[in-house]
Amino acid sequence: MTDKKILIITGSPRNDGNTALLAGWFAQGAMSSGAEIETVKAGALKYKVPGCSSCRACQKLEKYECVIDDGAGPVLKRMAEVDAIVMATPLYFFSASAQIKVIFDRMFSLYKWDNGSGTMETPLKGKTLAVLASAYEDVGFDALEKPFILTAEYTGMKYKSLVIPNAGVSGDIVKLPGVREKVVEFGKAVCKE
């Protein structure tokens, strides 16, 4: 059993679609391995700006936090505290959903760069970044995953992913044989990282 803390951020505007099902199945697997799960619906958060405003004020703070006081702040704080971050998203136009992208861009505040010395510090180093995604068809996952893979490499995070092609329209993923079991196992695997 594990005592891992996992933050799942869902990026679908729907409460009952494929992404919600994937996140729920993942949570079941992770909790069966003893993980503590917290799920945040990115689309329900209230934002003052639609992404990072590039004010760079976070770079002047001692703490790793965004200076914009809105719904993203507590989520970013939790990212620095948990062992694994799971981005659950549908594939929209060969990318993660806009709801995930808002939080992903605001992660800028969790990095401190010293351009003079060419160094970067972050509390995310050593954590696991996992992507859980589905799509109506079977194209575009490489484009969706690339920003997450590059971020994990740059940050020194472990990267894991599970992508489900041909999931159909919202809720149809339940019709795919073996997918639920595969996602539950993925939840258990992230706990072992």
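Answer with yes or no whether Ile68 is within 30 Å of Ser170 (Cβ to Cβ) and surrounded by 16 or more Cβ atoms within 10 Å (Cβ to Cβ). Show your work before the answer.
Working: within 30 Å of Ser170 (Cβ to Cβ): no; surrounded by 16 or more Cβ atoms within 10 Å (Cβ to Cβ): yes.
Against the criterion (within 30 Å of Ser170 (Cβ to Cβ) and surrounded by 16 or more Cβ atoms within 10 Å (Cβ to Cβ)), Ile68 does not qualify.
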Complete set of residues in the stretch 119-146 that are surrounded by fewer than 17 Cβ atoms within 10 Å (Cβ to Cβ), in contact (Cβ under 8 Å) with a residue 40 or more places away in the chain and within 20 Å of Val82 (Cβ to Cβ): Pro123
Total residues in the stretch 55-70, condition in contact with a helix residue (DSSP H, G or I) (Cβ under 8 Å, 6 or more places away or on another chain) and not hydrophobic (A, V, I, L, M, F, W, C): 2
Scope the stretch 10-35; condition under 15 Å from the mean Cα position of the chain (by Cα), outside any loop (DSSP other than H, G, I, E, B) and farther than 14 Å from Glu181 by Cα; matching residues: Thr10, Thr19, Ala20
Residue identified as within 30 Å of Lys48 (Cβ to Cβ) and crowded, with 19+ Cβ neighbours inside 10 Å among Phe104, Phe108, Phe93, Phe186: Phe104
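Are any residues in the stretch 36-94 part of a strand (DSSP E or B) and basic (Lys, Arg), and if so, which ones? Steps first, answer last, please.
Here is the first cut: in the stretch 36-94, the ones part of a strand (DSSP E or B) are 36-41, 84-90, 92.
Once the filter is applied, which keeps residues that are part of a strand (DSSP E or B) and basic (Lys, Arg), the stretch 36-94 yields only Lys41.
Tell me which residues, restricted to the stretch 162-178, are at pLDDT 90 or above and either under 18 Å from Ala20 (Cβ atoms) or of a type in the set (A, V, I, L, M, F, W, C) (or both). If you could, list the steps in order and put the result at the bottom.
Step one: list which residues in the stretch 162-178 are at pLDDT 90 or above, which gives 162-163, 178.
Listed by number, the residues that qualify are Leu162, Val163.
The values are calculated or read from the model by the stated rules, or taken from the named source; none is laboratory data. A quick note: this is a predicted structure, and the numbers were derived from the prediction, not measured. So basically every Cβ, Gly included, is an ideal-geometry build from the backbone, and we count neighbours across all protein chains shown.
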